[in-house]
Each structure stands twice: as C-alpha cells, then as structure tokens.
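Here is the structure we will look at.
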Amino acid sequence: MAAPLLAGASLALLGVLIVEGEKHFRWPEVTLLLVVTASMALIATIQIGANARRFLYNEETIRAWYGESAKATRDWEERSAHFGEWKIRVHRAVIAFNTGTMLLILAVTSALLPRDNGDFVRWISVGLALAGAVVEAWRIYRLSQETYEPPDPKSTPKSLDGGTN
C-alpha cells in the first residue's frame with residue numbers, strides 16, 4: 001500500500017514548509033494546512049485498513065487461531081457478516097486514501113504557485129496538478145456512492161477468500 005510512503009512524503013514537505021515557507025512559497029500557511037490534513041488522511045488509511053484486516057479470514061486461519069480441536073468452520077452467517085464488515089472498512093480505507101491523495105495534490109499545487117505571476121511554466125504545472133485533484137475528487141465522489149449488499153444467508157455458501165476455503 002502506498003499510504004505510508006505518501007504520508008512520509010507529506011511529512012517531508014511539512015519540514016520544508018516550516019523551514020523555507022515565507023521565502024519560497026506564495027501561501028505557506030494554506031500549503032501547511034493541506035499537508036497536515038493530507039498526512040492525517042493517509043495515516044487514517046493505514047489505521048482503517050489494519051483494523052479491517054481482522055474481519056478477513058478463512059478456515060485455515062480459524063484452525064491456526066483456535067487449534068485443530070476448534071470448530072473447523074464458523075457459521076455461514078457469522079463469516080458472511082465478518083466478510084461484509086471487512087468490505088465496508090476496506091471501502092472506507094480506500095476513500096481515506098483517495099482523500100489524502102487529493103489533499104496532497106492540492107498541497108503540491110499550493111506549493112507550486114509562483115510568488116510572482118510571471119512564470120508561465122509553473123502555471124502550467126499548477127493547472128496539471130489541479131486537474132489531478134479534480135480527478136481524485138471525482139473518484140472520491142464515485143466511491144462514496146457505492147454501497148455493499150451483504151449476501152443472502154439462505155444462499156449457498158461461497159468462499160470468502162478467493163477460493164481456498
């Protein structure tokens with residue numbers, strides 16, 4: 001997952017802003033705010049994803065946790081509920097990741113703004129970065145519209161881990 005790397009990049013940019021902000025950036029306070037919120041969203045991605053992982057397991061995992069004497073399979077409803085919870089939490093992690101990415105792009109855009117209005121190439125860079133932020137915002141909107149429908153408990157149980165059990 002790229003969230004730890006992007007969070008690290010955000011924190012590195014934060015250090016540059018604190019040291020060089022007033023001299024080199026047009027709006028250092030706005031850029032600082034965007035970097036901090038991007039870092040928080042990317043760190044939240046890691047936490048949400050780690051929390052979701054506890055709901056994804058298969059029969060081998062159950063035996064490893066509880067030993068061979070444990071019930072080999074859990075009830076279909078319980079496994080289905082846990083798998084549904086995993087899907088919901090992973091979906092939230094994806095939204096947090098895309099939000100953090102969008103905020104980081106906006107922070108870079110803010111950092112790219114020239115202090116004077118004369119640098120044409122930098123304005124092109126700003127426009128490209130803003131286009132990337134708009135694409136991320138569109139993706140976040142689309143993700144927020146998706147819903148998860150849990151499986152019917154009366155249906156035939158299917159593998160919850162891609163086919164191994």
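Of note:
- From least to most packed, judged by other beta carbons within 10 angstrom and beginning with the fewest, 57, 141 follow the order 141, 57.
- The length gained on full extension between residue 61 and residue 149, counted as 0.36 nm times the residue separation minus their Cα-Cα distance, comes to 29.2 nm.
- Net charge of Cβ neighbours under 15 Å - reference residue 47; Lys, Arg +1; Asp, Glu -1: +4
- Remark: 26, 142 ranked as 142, 26, counting other beta-carbon atoms within 10 Å and listing the fewest first.
The numbers here are math on the coordinates, done by the rules we state, and not lab data. Source: prediction; values computed, not measured. Every residue, glycine as well, gets a Cβ built from its backbone with ideal geometry; the counts of neighbours run over all protein chains shown.
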